[in-house]
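Undergrad: One structure, pasted below without further comment.
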Amino acid sequence: MRHNLASIRREYSLQQLTRDSVHPDPLVQFKKWLSEALEAQVNEPTAMTLATAGSDGKPAARIVLLKDVNEQGLSFYTNYKSRKGRQLEANPFAALVFFWPELERQVRFEGHTVKLPATESDQYFSSRPEDSKTGAWASKQSSIISSREELEKKACQCAEQFAGREIPRPGFWGGYRLLVDSVEFWQGRESRLHDRIRYNKIGSDSNRETTGSSDHIDNTGNKKSAERKGTEGNNKPDGKESRISSGARESWTIVRLSP
Ligand SMILES: Cc1cc2nc3c(=O)[nH]c(=O)nc-3n(C[C@H](O)[C@H](O)[C@H](O)COP(=O)(O)O)c2cc1C
């Protein structure tokens, strides 16, 4: 290779991120960053890496597109019989990662997936262009095929089969929603001293593994710090404060992590 990979590095200096400036609800904070990514016209703002592991525990990762985000979580669509679909069937836990280099930002989600209700998948499927609909019927995603011609022939057959009528959603194709247990916002900073702010849902495993500092915030954004309540709360004896916040539905601890 002509390139010296070891010498490739970039300084990050665009912005900073503090525990006090983030929204108490991580999904609201995410929507704010996503809007900024859209406004900045970053490349593929909705592309996210989806990591899954089946019953053998071996992870696999690939890009999928975010199609919705609401207070319940993040949605994407795929073939339920694909490799990822089979892995999620065996083990619903998954992680999603966004990287927006133009903004020097990364967002990481962990949680478990549920299939979207059929009506929600139907609605999204019906909004897709015709050739995407026939493509979904034609592709046995992740299976071995003999040639590109085989795939194109199948797509043509499906297009003929459905010509002149509404193309229904295949039963093997639909959406998943990641129900979020933890979210980490990463903002690149100078000298590799990046800002990392992580939310852990209270009651989830991710919260139990928390070390570091967090604060208590209610859903109006007011701090419910241990001092005001007159209790030790989540303030740790080593001086690492905890911030706890309540979003629309959940309560979260918010901690700063070492880069
Ligand atoms: C930019 C981009 C967007 C993609 N979006 C999706 C998607 O939304 N859904 C999907 O099933 N595959 C999508 N893919 C293809 C997947 O990365 C992957 O190749 C495919 O889903 C098969 O993965 P699997 O064999 O692990 O199941 C996308 C790939 C790229 C590069």
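The values are calculated or read from the model by the stated rules, or taken from the named source; none is laboratory data. Since we're looking at a predicted model, the values are computed, not measured. All Cβ positions, glycine included, derive from the backbone under ideal geometry; neighbour counts span all protein chains shown.
Undergrad: Return the residue satisfying two criteria in turn: it lies in region 42-60 and is in a strand (DSSP E or B) and surrounded by fewer than 14 Cβ atoms within 10 Å (Cβ to Cβ), and of such residues it is nearest to the ligand (Cβ to nearest atom). Before the answer, list the steps.
TA: Our first condition is that a residue be in a strand (DSSP E or B); within region 42-60, this holds for 47-53, 59-60.
This time we only want the ones that are surrounded by fewer than 14 Cβ atoms within 10 Å (Cβ to Cβ), so: 59-60.
Working: 59: 11, 60: 5 Å.
Top of the filtered list is 60.
Undergrad: Additional query: On the given criteria, is residue 105 surrounded by 12 or more Cβ atoms within 10 Å (Cβ to Cβ) and not β-branched (Val, Ile, Thr)?
TA: Values: surrounded by 12 or more Cβ atoms within 10 Å (Cβ to Cβ): yes; not β-branched (Val, Ile, Thr): yes.
Spelling it out, residue 105 is indeed surrounded by 12 or more Cβ atoms within 10 Å (Cβ to Cβ) and not β-branched (Val, Ile, Thr).
Undergrad: Another question, if that's okay. Can you tell me which residues in region 73-87 are closer than 16 Å to residue 140 by Cα and of a type in the set (Gly, Ala, Ser)?
TA: 82, 85
Undergrad: Can residue 258 be described as in contact with a Gly (Cβ under 9 Å, 6 or more places away or on another chain), more than 30 Å from residue 128 (Cβ to Cβ) and at pLDDT below 95?
TA: Working: in contact with a Gly (Cβ under 9 Å, 6 or more places away or on another chain): yes; more than 30 Å from residue 128 (Cβ to Cβ): yes; at pLDDT below 95: no.
No, not satisfied.
Undergrad: Moving to a separate point now. Out of curiosity, is residue 75 hydroxyl-bearing (Ser, Thr, Tyr) and within 14 Å of the chain's Cα centre (by Cα)?
TA: On the way: hydroxyl-bearing (Ser, Thr, Tyr): yes; within 14 Å of the chain's Cα centre (by Cα): yes.
Judged against the criteria, residue 75 is a match.
Undergrad: Within region 1-41, restricting attention to residues that are within 12 Å of residue 103 (Cβ to Cβ) and touching a Pro at 6+ places or on another chain (Cβ under 9 Å), which residue is surrounded by the most Cβ atoms within 10 Å (Cβ to Cβ)?
TA: 37
Undergrad: Are any residues in region 151-174 more than 25 Å from the chain's Cα centre (by Cα), loosely packed, with under 11 Cβ neighbours inside 10 Å and within 20 Å of residue 81 (Cα to Cα), and if so, which ones?
TA: Listed by number, the list is empty, since nothing qualifies.
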